[in-house]
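Scroll down for the structure; my scribbles are underneath it.
The values are calculated or read from the model by the stated rules, or taken from the named source; none is laboratory data. None of these values were measured; they are calculated from a predicted model. Ideal geometry is used to build each Cβ from the backbone, glycine not excepted, and the neighbour counts take in all protein chains shown. Accessible surface is based on the protein model in full, side chains and every heavy atom, while ligands, DNA and RNA are left aside. Shrake-Rupley method; radii C 1.70, N 1.55, O 1.52, S 1.80 Å.
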Amino acid sequence: MPSWLDCPPCSASIAPSTLSSSTSCLALPGTSPWSLCVPGPVDTGTFAVMSVMVGSVTESLAPQTLNDSPVNETTRDANPVQVASTLSVLVGLFQVGLGLIHFGFLVTYLSEPLVRGYTTAAAVQVFVSQLKYVFGLHLSSHSGPLSLIYTVLEVCRKLPQSKVGTVVTAAVAGVVLVVVKLLNDKLQRQLPMPIPGELLMLIGATGISYGIGLRDGSEVDVVGNISAGLVPPVAPNTQLFSKLVGSAFTIAVVGFAIAISLGKIFALRHGYRVDSNQELVALGLSNLIGGIFQCFPVSCSMSRSLVQESTGGNSQVAGAISSLFILLIIVKLGEFFRDLPKAVLAAIVIVNLKGMLRQLSDVCSLWKANRADLLIWLVTFAATILLNMDLGLMVAVVFSLLLVVVRTQMPHYSILGQVPDTDIYRDVAEYSEAKEVPGVKVFRSSATVYFANADFYSDALKQRCGVDVDFLISRKKKLLKKREQLKLKQLQKEEKLQKQAASSKGASVSINVNTSLEDMRSNNVEDCKVGPGDKMEDATANGQEDSKAPDGSTLKALGLPQPDFHSLILDLGALSFVDTVCLKSLKNIFHDFREIEVEVYMAACHSPVVSQLEAGHFFDASITKKHLFASVHDAVTFALQHPRPVPDSPVSVTRL
């Protein structure tokens with residue numbers, strides 16, 4: 001179909017007088033044979049938002065030529081055409097370059113909710129851009145953030161100025177198209193091919209308009225004169241490159257985003273894969289070569305693509321045939337459509353937006369299925385509507401990535417229990433048959449541990465274990481400090497008594513004192529570490545839990561509550577990588593739980609994670625690879641056999 005379906009929006013930014021001699025190229029960009037490399041039902045052409053962006057750039061560099069005067073090829077200033085074509089060349093260079101360096105990876109960050117929200121907002125943009133042709137209004141050009149809102153407000157304000165004939169023409173055309181589409185759906189099996197409603201509408205509307213003379217003084221606007229023939233190639237103005245480079249890059253990215261978003265929608269419908277880098281190169285060549293022939297930048301034409309798909313064109317053959325027909329129209333047949341009412345074109349566009357606007361129902365389905373995806377959809381839609389396609393896409397991608405980070409900060413933490421008579425461990429809160437192994441806690445996180453959630457991981461671990469680790473460590477340190485202070489006072493008192501005894505006996509009494517206060521203190525500290533024999537026997541009699549620290553510094557000796565488990569196993573199967581913050585967090589976990597007499601083991605680490613642990617110097621004399629096990633069950637078996645830390649010695653349990 002002719003890309004006039006998308007041309008009207010650009011006239012809001014670049015007046016027809018600016019484009020008259022090259023209208024055949026500028027009004028029909030991307031329809032040349034260079035656009036054949038774009039696959040599927042996506043059809044290369046103009047897009048309303050991109051047309052406005054191009055118009056804004058052209059207006060800023062050549063404002064004197066933007067007016068609504070009738071076409072006058074002899075007096076027309078060619079500056080705006082030169083700016084637009086040079087911009088197209090720059091956009092093409094950017095897109096080809098980005099495609100060659102595989103910038104298409106950006107598609108990885110365009111999730112389906114983001115794409116559907118983005119294309120729905122684009123459909124709303126196109127719908128609003130057609131309202132002035134439906135009501136026959138003359139609107140101001142708006143660009144930048146909130147431009148869509150300003151346009152809607154202006155349409156509402158000028159509704160009393162609507163032309164009845166234009167509204168009736170658009171309404172009749174829309175009703176006829178809807179009826180034809182309903183007939184196609186109902187008689188799909190009986191008809192050898194769908195009824196080409198859009199083509200018949202164009203021919204019929206043009207004939208009626210010509211017959212009743214709508215072009216002469218009627219309140220119904222028509223397309224007007226269309227120059228025939230191809231414009232000779234012209235070299236771009238390199239002096240404008242420095243002024244256009246920023247806008248060119250923005251338009252290149254926005255054009256790619258629009259094309260790939262619509263391409264992914266059609267790919268999901270028809271079961272094929274879109275090569276994002278090939279799309280970039282294809283669009284870049286279309287813009288680069290088209291710019292030499294005085295075309296302005298193009299992307300995919302949403303309206304033409306929807307029309308093509310609705311008529312059954314789902315392959316590259318449809319694009320080739322469409323391009324050949326448009327080339328024929330450019331060369332010869334364009335002048336026959338000068339009497340075509342713009343209201344009919346607007347009706348065709350709006351009716352074919354039905355499929356895209358139906359995506360508004362995603363709100364209900366995502367509310368039931370996944371509210372995080374719904375949030376992405378809504379933010380993308382709102383940002384694109386309020387900030388336009390360029391800033392809207394940026395906000396959508398950044399928001400979706402931030403949401404991923406936030407979701408990894410709040411994973412599911414669980415304490416695992418063993419399913420009886422198996423080596424399977426499941427969340428005890430979800431599986432009633434899973435029971436905790438006495439004396440052993442198994443902790444798992446559903447997400448990898450990294451800088452953004454390492455603190456949350458440690459806090460959740462201490463909370464799920466049911467022990468106030470920080471309180472116990474704090475109380476233990478305070479009690480030990482208090483004990484040391486009491487011992488120091490006792491030493492000072494004994495020294496004072498010895499001095500008094502020595503002075504009272506005088507010179508007749510020989511006291512062999514070879515130990516200074518410092519020696520006594522050091523000896524006392526050593527005694528604290530070794531402990532007297534009777535205390536060692538008492539500690540041994542009290543059980544293995546006190547065998548590590550028989551000097552009275554254990555939790556039990558200090559009168560502090562003891563954890564009901566002696567071993568903690570960290571199931572690290574969800575880790576895909578570790579960073580320095582994760583390494584420090586794991587080391588702190590080992591240190592803190594050992595302070596409360598609980599030994600820590602790690603299980604189910606993947607080989608790349610183990611390599612990263614080694615590279616980060618995680619293992620040392622206190623944390624060795626003997627604390628690392630291939631599975632949770634191996635770690636549990638070892639912990640049950642060794643309820644307290646043991647010297648490094650070979651064991652029969654499988655380790656990594």
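Is it the case that the range 149-163 has a residue that's touching a Ser or Thr at 6+ places or on another chain (Cβ under 7 Å) and at positive phi?
Let us first name the residues in the range 149-163 that are touching a Ser or Thr at 6+ places or on another chain (Cβ under 7 Å), namely 154.
Those still in the list that are at positive phi too: none.
So far as the range 149-163 goes, no, none of its residues is touching a Ser or Thr at 6+ places or on another chain (Cβ under 7 Å) and at positive phi.
Quick check on Gly284: is it within 30 Å of Pro113 (Cα to Cα), touching a residue at least 24 places away in the same chain (Cβ under 8 Å), assigned to a helix (DSSP H, G or I) and under 23 Å from the mean Cα position of the chain (by Cα)? Answer is no for this residue.
Among residues of the range 78-134 being without any contact (Cβ under 8 Å) to a residue 60 or more places away in the chain, assigned to a helix (DSSP H, G or I) and within 30 Å of Ile289 (Cβ to Cβ), the one that is most open to solvent (accessible area, probe 1.4 Å) is Thr108.
Yes/no per residue for (1) of a type in the set (Ser, Thr, Tyr); (2) open to solvent by 90 Å² or more (accessible area, probe 1.4 Å); (3) at pLDDT 90 or above; (4) closer than 21 Å to Lys441 by Cα:
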| site | (1), (2), (3), (4) |
| --- | --- |
| Phe456 | no, yes, yes, yes |
| Asp459 | no, yes, yes, yes |
| Gln463 | no, yes, yes, yes |
| Lys482 | no, yes, no, no |
| Gln485 | no, yes, no, no |
| Lys489 | no, yes, no, no |
| Glu494 | no, no, no, no |
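Test Ser474 against the criterion of being surrounded by 14 or more Cβ atoms within 10 Å (Cβ to Cβ) and part of a helix (DSSP H, G or I), and give yes or no. Here the answer is no, as Ser474 does not meet what is asked. When restricted to residues that are farther than 16 Å from Leu306 by Cα, in a loop (DSSP other than H, G, I, E, B) and open to solvent by less than 80 Å² (accessible area, probe 1.4 Å), the range 178-204 contains 2. Restricting attention to the range 421-438, which residues are farther than 16 Å from Ile569 by Cβ and either open to solvent by less than 80 Å² (accessible area, probe 1.4 Å) or of a type in the set (Gly, Ala, Ser) (or both)? Listed by number, the residues that qualify are Thr422, Ala429, Ser432.
Restricting attention to the range 224-243, the residues being surrounded by 15 or more Cβ atoms within 10 Å (Cβ to Cβ), at pLDDT 85 or above and hydrophobic (A, V, I, L, M, F, W, C) number 3. Of the conditions (1) in contact with a helix residue (DSSP H, G or I) (Cβ under 9 Å, 6 or more places away or on another chain); (2) open to solvent by 40 Å² or more (accessible area, probe 1.4 Å), Arg157 satisfies every one except a single condition; which number is it? Every condition holds for Arg157 apart from (1).
Go through the residues of the range 156-164 one by one and say whether even a single one is out of contact with any strand residue (DSSP E or B) (no Cβ under 9 Å at 6 or more places or on another chain), over 21 Å from Pro341 (Cα atoms) and in contact (Cβ under 8 Å) with a residue 40 or more places away in the chain. No, there is no match, as no residue in the range 156-164 is out of contact with any strand residue (DSSP E or B) (no Cβ under 9 Å at 6 or more places or on another chain), over 21 Å from Pro341 (Cα atoms) and in contact (Cβ under 8 Å) with a residue 40 or more places away in the chain. Taking the criterion of being in contact with a helix residue (DSSP H, G or I) (Cβ under 8 Å, 6 or more places away or on another chain), closer than 27 Å to Asp423 by Cβ and small (Gly, Ala, Ser), the only residue of the range 574-587 that qualifies is Ser576.
Would you check which residues across the range 442-454 are open to solvent by 70 Å² or more (accessible area, probe 1.4 Å) and more than 23 Å from the chain's Cα centre (by Cα) and list them?
Kept after step one, since they are open to solvent by 70 Å² or more (accessible area, probe 1.4 Å), are these residues of the range 442-454: 444, 446, 451.
Matches in the range 442-454: Arg444 only.
Does the range 288-303 hold any residues that are assigned to a helix (DSSP H, G or I), over 13 Å from Met50 (Cα atoms) and either at pLDDT 85 or above or within 25 Å of the chain's Cα centre (by Cα) (or both), and which are they?
Initial filter on the range 288-303 (assigned to a helix (DSSP H, G or I)): 288-292, 302-303.
Then keep just the ones that are over 13 Å from Met50 (Cα atoms); that gives 288-292, 303.
Within the range 288-303, Leu288, Ile289, Gly290, Gly291, Ile292 meet the criteria.
Across the range 205-223, the qualifying residues are those that are touching an Asp or Glu at 6+ places or on another chain (Cβ under 9 Å) and within 17 Å of His138 (Cα to Cα), and the one among them that is surrounded by the fewest Cβ atoms within 10 Å (Cβ to Cβ) is Val222. In the range 310-324 there is no residue that is modelled with pLDDT of 90 or more, more than 25 Å from the chain's Cα centre (by Cα) and at negative phi. Among (1) at pLDDT below 50; (2) open to solvent by less than 40 Å² (accessible area, probe 1.4 Å), where does Thr75 come up short? The number of the failed condition is (2). Would you confirm, using the coordinates I've provided, whether Ser503 is at pLDDT 50 or above, closer than 21 Å to His591 by Cβ and open to solvent by 40 Å² or more (accessible area, probe 1.4 Å)? The answer is no for Ser503.
Which residues, taken from the range 244-274, are surrounded by 16 or more Cβ atoms within 10 Å (Cβ to Cβ) and among the charged types (D, E, K, R)? Result: Lys264, single match.
Yes or no: Leu327 part of a helix (DSSP H, G or I), touching a Phe, Trp or Tyr at 6+ places or on another chain (Cβ under 8 Å) and at pLDDT 80 or above? Give the derivation first.
Values: part of a helix (DSSP H, G or I): yes; touching a Phe, Trp or Tyr at 6+ places or on another chain (Cβ under 8 Å): no; at pLDDT 80 or above: yes.
Taking the combined requirement at face value, the residue does not satisfy it.
Checked against (1) part of a helix (DSSP H, G or I); (2) at positive phi; (3) open to solvent by 40 Å² or more (accessible area, probe 1.4 Å), Leu386 passes all but a single condition, namely (2).
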